[in-house]
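Chemist: What follows is a structure written as structure tokens; I'll ask about it next.
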Amino acid sequence: MVNNALAEMLIRFKAIEFGDFTLASGAKSTYYVDVKTAVTRPELLSAVAESVASAYDFDVVAGVAVGGVPLCVATSIAKKKPYAIIRAAEKDHGKKSLVIGDVKDKNVLLVEDVTTSGGSALHGINVLRAAGARADRVVTVVDREQGAGALLAAHGVTILPLVRISELLNR
Ligand SMILES: O=P(O)(O)OC[C@H]1O[C@H](OP(=O)(O)OP(=O)(O)O)[C@H](O)[C@@H]1O
Ligand SMILES: O=C(O)c1cc(=O)[nH]c(=O)[nH]1
């Protein structure tokens with residue numbers, strides 16, 4: 001599923017910035033897709049949530065902090081299903097769990113803001129599986145088409161982009 005309305009909103013809200021950027025994977029890039037800032041606009045956040053909720057079934061929708069958090073919360077409200085949050089790293093105080101929310105034996109859909117290498121999404125999937133969830137799908141708002149699909153496929157996970165970077169850059 002690729003969503004022209006979402007692509008148009010991402011452009012309108014200036015989610016793509018050109019410059020010199022270092023990415024989470026350590027790779028360099030001449031552009032950055034700032035979905036985190038763009039989804040602070042409620043019309044885009046609710047459009048993403050409605051797209052995911054109408055297209056996919058799940059018991060729980062999960063997101064990796066920080067970028068996945070507003071996405072999973074909004075999708076949870078749209079679908080009337082619980083959400084879970086996955087921490088990027090363990091805390092050294094309080095409860096040690098990397099997952100907030102009940103995912104054991106649940107069919108969990110992971111949502112990501114951007115996928116590049118797929119490392120962050122794979123971390124989310126691994127944490128969910130370790131917590132007893134069934135997790136084999138990642139919905140990403142923007143897939144940068146730089147390896148996430150192959151990395152996730154190698155771990156039995158399907159990537160489901162709402163928008164591909166080629167569609168944004170070729171507009
Ligand atoms: O596919 P990858 O190569 O893993 O890159 C994509 C990830 O990088 C960004 O997160 P970042 O690590 O910047 O953290 P943040 O969400 O806390 O800002 C983005 O939000 C994705 O989660
Ligand atoms: O790979 C990343 O870290 C990354 C790339 C991008 O375009 N946007 C983003 O939020 N993260």
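Chemist: Among what's in the range 129-170 and is outside any loop (DSSP other than H, G, I, E, B), open to solvent by 10 Å² or more (accessible area, probe 1.4 Å) and more than 16 Å from ligand 2 (Cβ to nearest atom), pick the residue that is farthest from Leu6 (Cα to Cα).
Modeler: The extreme case among them is Ala130.
Chemist: So which residues in the range 7-23 are touching a helix residue (DSSP H, G or I) at 6+ places or on another chain (Cβ under 6 Å) and more than 16 Å from ligand 1 (Cβ to nearest atom)?
Modeler: Listed by number, the residues that qualify are Ala7, Met9, Phe13.
Chemist: Would you pick out the residues in the range 24-74 that are of a type in the set (Val, Ile, Thr), crowded, with 19+ Cβ neighbours inside 10 Å and more than 18 Å from Thr115 (Cα to Cα)?
Modeler: Val60
Chemist: Continuing with this model, one more query. Is it true that Val61 is outside any helix (DSSP H, G or I), in contact (Cβ under 8 Å) with a residue 40 or more places away in the chain, among the hydrophobic types (A, V, I, L, M, F, W, C) and within 16 Å of ligand 2 (Cβ to nearest atom)?
Modeler: Criteria not met by Val61.
Chemist: Still on this structure, I have one more. Would you confirm whether any residue within the range 24-47 is touching a strand residue (DSSP E or B) at 6+ places or on another chain (Cβ under 7 Å), part of a helix (DSSP H, G or I) and within 16 Å of ligand 1 (Cβ to nearest atom)?
Modeler: yes
Chemist: Check whether at least one residue in the range 91-106 is of a type outside the set (Gly, Ala, Ser) and closer than 24 Å to Ala150 by Cα, and report yes or no.
Modeler: The answer is no; no qualifying residue exists.
Chemist: Could you please find all residues in the range 116-167 being within 13 Å of ligand 1 (Cβ to nearest atom) and of a type in the set (Gly, Ala, Ser)?
Modeler: Once the filter is applied, which keeps residues that are within 13 Å of ligand 1 (Cβ to nearest atom) and of a type in the set (Gly, Ala, Ser), the range 116-167 yields Ser117, Gly118, Gly119, Ser120, Ala121, Gly124, Gly147, Ala148, Gly149, Ala150.
Chemist: While we're looking at this one, here's another question. Exactly one condition in (1) at pLDDT below 95; (2) closer than 24 Å to Gly156 by Cα is not met by Lys91; state its number.
Modeler: (2)
Chemist: When you look at Val142, is it β-branched (Val, Ile, Thr), in contact (Cβ under 8 Å) with a residue 40 or more places away in the chain, touching a Ser or Thr at 6+ places or on another chain (Cβ under 8 Å) and over 28 Å from Lys96 (Cβ atoms), yes or no?
Modeler: Against the criterion (β-branched (Val, Ile, Thr), in contact (Cβ under 8 Å) with a residue 40 or more places away in the chain, touching a Ser or Thr at 6+ places or on another chain (Cβ under 8 Å) and over 28 Å from Lys96 (Cβ atoms)), Val142 qualifies.
Chemist: Residues in the range 77-128 that are open to solvent by less than 80 Å² (accessible area, probe 1.4 Å), of a type outside the set (A, V, I, L, M) and within 30 Å of Lys28 (Cα to Cα): how many?
Modeler: Going through the range 77-128 one residue at a time, the tally reaches 13.
The values are calculated or read from the model by the stated rules, or taken from the named source; none is laboratory data. Being a predicted model, the structure only gives us computed values, none of them experimental. FYI the Cβ positions are ideal-geometry reconstructions off the backbone, even for glycines, and counts take in every protein chain you see. With ligands, DNA and RNA removed, areas are computed over all heavy atoms of the protein, side chains included. Shrake-Rupley method; radii C 1.70, N 1.55, O 1.52, S 1.80 Å.
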